[in-house]
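The structure appears right after this line, and notes come after that.
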Amino acid sequence: MSKEIQWVKNKRFEFIEESLYWRSTIRRKDIIENFNISIAQATSDLSEYKKLHSENLNYNRSDKCYKVSDNFTPYYAKLISNNYFDSITVREANTSYYTPEIAVVPKVNREVKPEILQNIVHCINNNCSIKIKYISMNSSKETWRLVTPHSFADDGSRKHIRAFCHNNKDFRDFQIGRILETGELNDFQVDKSLDLLWSSKLIIQITPNPKLTLEQQKGIEFEYNMVNGLRDIEIKPAFFRYLCNNLDIEKRKSREPYLVINNMKEIANKIKLLEELTKNNTKNINIT
């Protein structure tokens, strides 16, 4: 059996285990509908899984399905809660299998023109520069900039390109949805290792806001899987403000934030140092 065939079969075994764990049952039609395979193949998969791991499932003749056993142990599936939510989101239309309803808040970002994305991908793959017509929220004007993109970034709700801006002579993020059009390409190359806010790592230590009641703090500790009231999160320094937004760390007029950063002073000092080092490293890059 080739590695590719074995991989596909293992994915079906993974599906069997997920169904047993989350739904307590697995039926042949579930496998057929999810993988678009024949009745014979689905029957073979169930028989082979039963032969390999008979302790995990028992056939229920009245319901005509396999039921999870009390001694169930996963061999293929990673039974993580977030994986479950991802799976029912992707397969939302397959209501014959996934009984829980899940509603997803729609993303309302503007669709990026394929030709714009194609040009950006080309520049990243070939380490070259491109002119982009961009709308900045700081100036609210359409301006042409020369940039050398090296990576994509996702802040949880929007896609960005991480690029060296030859106009401002620094590395920064550009939201892809605000790129109106692309212009000429050129051979300006920038070493992305100079982007220290991208290549470095930060350990952000979050903790419940001490201004919350003890009961509220305990709830936050449980929700974020903290140990002794703390949780470490490793991120790129360039993602720091996105993380703060996603965790709603900024203070609002209506209420205090639920989370605060325990090592904020250390983080601020490191980011400032990385910004200074990056500025020094890039001062001789061609900006024309």
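Nothing in this text is a laboratory measurement; each read-out follows from the coordinates by a stated rule. Quantities reported herein were computed from a predicted structural model and do not represent experimental measurements. Every residue, glycine as well, gets a Cβ built from its backbone with ideal geometry; the counts of neighbours run over all protein chains shown.
Just a few scattered comments:
- Estimated inter-spin distance, Lys50 and Ser199, nm [label 7 Å along Cα→Cβ]: 5.7 nm
- For segment 198-279, the equivalent ellipsoid derived from the Cα gyration tensor has semi-axes of 26, 14, 10 Å, listed largest first.
- Approximating the spin labels as points 7 Å out from Cα along Cα→Cβ, the Glu142-to-Glu111 distance works out to 2.0 nm.
- Residues Asn225 and Leu273, FRET efficiency given R0 of 35 Å [Cβ-Cβ distance, rounded to 0.05]: 0.70
- The Cα center of segment 1-49 and the Cα center of segment 178-233 differ in position by 38 Å.
- Listed residue pairs exceeding 18 Å between alpha carbons, taken from Lys236/Lys272; Lys192/Lys279; Lys107/Lys159; Lys169/Lys283; Lys131/Lys272; Lys29/Lys64: Lys131/Lys272
- If you take the Cα centroid of segment 126-159 and the Cα centroid of segment 237-266, the two points sit 25 Å apart.
- Orientation-averaged projected area, Cα convex hull of the chain (nm²): 21.8 nm²
- Cβ-Cβ FRET estimate between Ala40 and Lys64, R0 fixed at 22 Å, reported to 0.05: 0.80
- Here the spin labels are modelled as points 7 Å beyond Cα on the Cα-Cβ line, and at Glu101 and Asp154 they lie 2.7 nm apart.
- Of Phe152, Phe188, Phe222, the one that fluctuates the most in a GNM where the chain has Cα springs shorter than 10 Å: Phe222
- By the count of other C-beta atoms within 10 Å, a proxy for reagent exposure, Thr25, Thr148, Thr207 are ordered fewest to most as Thr25, Thr207, Thr148.
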